[in-house]
Each structure stands twice: as C-alpha cells, then as structure tokens.
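> Quick one: this structure, given as structure tokens, is what I'll be asking you about.
The values are calculated or read from the model by the stated rules, or taken from the named source; none is laboratory data. Every value quoted in this text rests on a predicted model; they were computed, and no experiment measured them. Reconstructed Cβ throughout: ideal geometry from the backbone, glycine too, with neighbour counts over all protein chains shown.
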Amino acid sequence: MRVDRRKFLLGALSVPAGAVLAKTGMGLLGEQSAASEAVLRAADLKLATGTPFPLVALPGKAPMGQVYDRPPNYETPAEHLIGQQNYPYTDNEYYYVRYREASVLQLTPENYRLKIGGDAADNEITLTLDELKRRASQTIGAVGVCSGEGRGLHHPMIPGMPWTKGDLSCAEWTGVPLNDLLDEVGVKSSALHVSFGGGRVISLAKPQYWRSYLLETIREYEPLVATQMNGEDIPFWNGYPVRLVFPGTWAPTWTKQLVEIDIRTTPNEMEWSGREITPNELLPFSLIVTPTDGTQIPVGREVELTGVAYDKGAGITKVEVSQDEGRTWEPAELEKSYGKYTWRVWHATVGFDRTGENRVLCRATNAEGEVQPTDPAPDVMETGARKETAAKNFAGVYEVV
C-alpha cells in the first residue's frame, strides 16, 4: 500500500478518537485552549533537522547525518525514518549506512558467487546472482538497527560510534528464505552455528567479515538471503548485491555483500564480534519521529507526536508517553500493523504549558508483556551502551517559547 507520507503525517488525517492529551508537570491544558486552537502537526512547525551531524549525500543517497566519512557511517534524519514512497518503510535513499571498513567492496552481478557448505553440510553448492534470483522468494518487512543505537545521546559520552536517533531504518526485503537454502544443501544433526561471510577485508587479524547465528535461532525465525530492498536492487551502501536479513534481530549480524554461508559444528574463530553467539533478539523500543529534537513549539498549544515502535516480532500492543520523566504515562494511538517485524506507527497529542526545554518520553510494550525500560541499565558504561533502549535516553526534547 502506497501512501503519501507527507499528507498522512502532516495533517491529512485527524487525530483518531482516543488520542491522548498527555499530562505536563503543571496539569492538563484547559478546555478553552483545546477547543479554540487546532492541534499543531509537523507541517505547522519549523522542524529542526533530525540529526546533530552535518548533512552529506553519498552517491545514490539523500543528505544524511555524517557520523563518520571513513568508514562510511551515516544516520537517517529522524523526520525521514518514515518514508514517502512505500509507507511506513524508510525510503532507500534515506536508509542508514553502517560500515567498519574505509573502502566498501564493489561486487559486479556478473562475477558474484554465493558459496553454501561447511563441515555440517551434506552438500556444497555455489550460486550465481541470477540463479539466486530464480529461486522462490519471499518479501518481509523488517527493522534494521545498530546495537549501538543512541550511544551518542548518553551523558557522559560512551566510547564507540556516537549514533543518536538515526541508526535504524525499516524496509521491505525480498529474497530466498535462508531455511530453503539450508534444506537444499542438507544440514547434519551435528550442526551448531551458521556463519555468514562478507566479501570485504576488515583487518589483518580477521581478513573476512564473519557473523554467526545459532542454527536453532535460524529455524525459529524467517531470515532471508535478500536481493531487493523496497522492490529495488539493494543500494550499494546497504549491501548490494546480496545481504543477509534476519528479521527480529539486531542488524550488525546481517552480513552485507554476502558471499559465503558456512554450516558449522564448531564456533567460527573469525567471528567478528568475538562474543558468544546468542539469539540476538530485538527488545521493545519506541521513538518519536516528529517533532524532531530542538523544534520550537508555542507554549499553551497542543502538538501531535508521531513515532515508531518495534520488537523481535512478538508484536507491539501498547505505546505510552510521559511528560514527567516516567512518573506517569498516557496511552498513544497505534496505527494498524504492516507485519510483525515492521515497526508500528503511533500518534499522541500533548500540550506544553511552560516555556524552556521540555522532554517527552515514550515506551513500548509487546504481546509478551516486555516493557521498554525507563532508565538506562546500571552497567551501561561497561557494555558500551550496546542494545540500550532506555526511554529517558531517547526522549523527545523541545524548546517551548
């Protein structure tokens, strides 16, 4: 379903019945204010740019927040997370970019080969790109997000890639189900891990980029060996021509420029993370998309917040907002689901009755009762803020005038 995102987000639809007027520290806005002035939406405000980094356009990409130029790491401005071309997915030109090496490998369609085998495989096969594309395919919407999500928002700063709110995106991916390929080559009962090799040089110590999943996790989920993103070839900066897509998990293990699948009886010594292999499941998370941080909002006016929420695929059942740092919460209105791995768009109406900096928190709850935490974990510094989803860290911050 294609919807004009600008018309949708910026006012074509009214706030659904039941959308909230969240509490502020000074109480609810009065009935006279609510009745006399319309709710402000993104189109009514001069939005601040949704990234603190300079806007730079890579070839084939729109201007994005340049976290680093080499290696290329660019975050999506928050106002472009929900795209205009294929609602509610991120447009290809705004899908965030994450690499660990300075020079991105260029693979040509003619020379591309995917090798599938390993000591726990019954057989070994090698596929060309055309052979891969001729196999039965599946399309799944999925959120891709870096495990260092929001690291740059912490105070004091935490070492590592200083992402803010744009190291995530959501797309429709099309490709061959990984489980079909594993069944084609045959998997021995002794298989433990499946490792995925990228064709790019990372370091002298680990010359090929390998990431691994537990075989049991692969069987439980719906991973794809993807060749398309949002109905087009995968962009060069996002893994062209083939990448692993593992819905419901953190995206650092979604190997880009995938050239080898190794079915193993033992852990891979070249595993890039060097950590124990786990299911790597996404945690419940929500984020305000508009208004963007730093946007000026008139005091005494109601404003519509629009955001996204997602989890490992259990399903988001509730999003709430808070204007008192999590002491009280009010429900937001969820839009329909576009798939269990696709983020849910939500809306809430809040009022600001004091000038100065105002913060709004949001939190998501999934069908298994898992709730996005309000506060950062006690060991956030030790873990490098990896997989940290605290609502306080991702608050919307506005200048009320």
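> So for the stretch 101-109 (the condition being surrounded by fewer than 20 Cβ atoms within 10 Å (Cβ to Cβ), acidic (Asp, Glu), more than 30 Å from Lys336 (Cβ to Cβ) and modelled with pLDDT under 95), does at least one residue qualify?
Taking every residue of the stretch 101-109 in turn, at least one turns out to be surrounded by fewer than 20 Cβ atoms within 10 Å (Cβ to Cβ), acidic (Asp, Glu), more than 30 Å from Lys336 (Cβ to Cβ) and modelled with pLDDT under 95.
> Please go through the stretch 56-95 and give me each residue that is of a type outside the set (Asp, Glu), under 22 Å from His154 (Cα atoms) and not in a loop (DSSP other than H, G, I, E, B), ordered by number.
Met64, Gly65, Gln66, Val67, Tyr68, Asn73, Tyr74, Ala78
> Let me ask another. Note down all Cβ pairs under 6 Å where the first residue falls in the stretch 379-401 and is assigned by TED's automatic domain parsing to the domain that holds Ala309, the second is part of a helix (DSSP H, G or I), and they're at least six residues apart or on different chains.
Ala385/Arg151; Asn393/Leu153
> Does the stretch 124-134 contain at least one residue that is hydroxyl-bearing (Ser, Thr, Tyr), touching a Lys or Arg at 6+ places or on another chain (Cβ under 7 Å), at pLDDT 95 or above and not in a loop (DSSP other than H, G, I, E, B)?
Within the stretch 124-134 (the criterion being hydroxyl-bearing (Ser, Thr, Tyr), touching a Lys or Arg at 6+ places or on another chain (Cβ under 7 Å), at pLDDT 95 or above and not in a loop (DSSP other than H, G, I, E, B)), the answer is yes, since at least one residue qualifies.
> When you look at Tyr338, is it hydroxyl-bearing (Ser, Thr, Tyr) and buried (at least 23 other Cβ atoms within 10 Å of the Cβ), yes or no? So that I can check it myself, show each step before the final result.
Numbers: hydroxyl-bearing (Ser, Thr, Tyr): yes; buried (at least 23 other Cβ atoms within 10 Å of the Cβ): no.
No; evaluated as a whole, the condition is false for this residue.
> Which one is surrounded by the most Cβ atoms within 10 Å (Cβ to Cβ), of the residues in the stretch 349-398 that are modelled with pLDDT of 95 or more, farther than 28 Å from Arg301 by Cβ and hydrophobic (A, V, I, L, M, F, W, C)?
Applying the filter and picking the extreme gives Ala390.
> Test Tyr112 against the stated conditions and say whether it is crowded, with 19+ Cβ neighbours inside 10 Å, closer than 26 Å to Trp272 by Cβ and either at pLDDT 95 or above or not assigned by TED's automatic domain parsing to the domain that holds Ile125 (or both).
Judged against the criteria, Tyr112 is a match.
> Quick check, is Leu181 under 19 Å from Asn280 (Cβ atoms) and either out of contact with any helix residue (DSSP H, G or I) (no Cβ under 9 Å at 6 or more places or on another chain) or modelled with pLDDT of 95 or more (or both)? Quick ask: steps written out before the conclusion?
Values: under 19 Å from Asn280 (Cβ atoms): no; either out of contact with any helix residue (DSSP H, G or I) (no Cβ under 9 Å at 6 or more places or on another chain) or modelled with pLDDT of 95 or more (or both): yes.
So Leu181 does not fit the description; no.
> A further question follows. Which of (1) under 23 Å from Phe246 (Cα atoms); (2) under 26 Å from the mean Cα position of the chain (by Cα); (3) part of a loop (DSSP other than H, G, I, E, B) does Ala102 not meet, given it meets every other one?
So Ala102 meets the others, but not (1).
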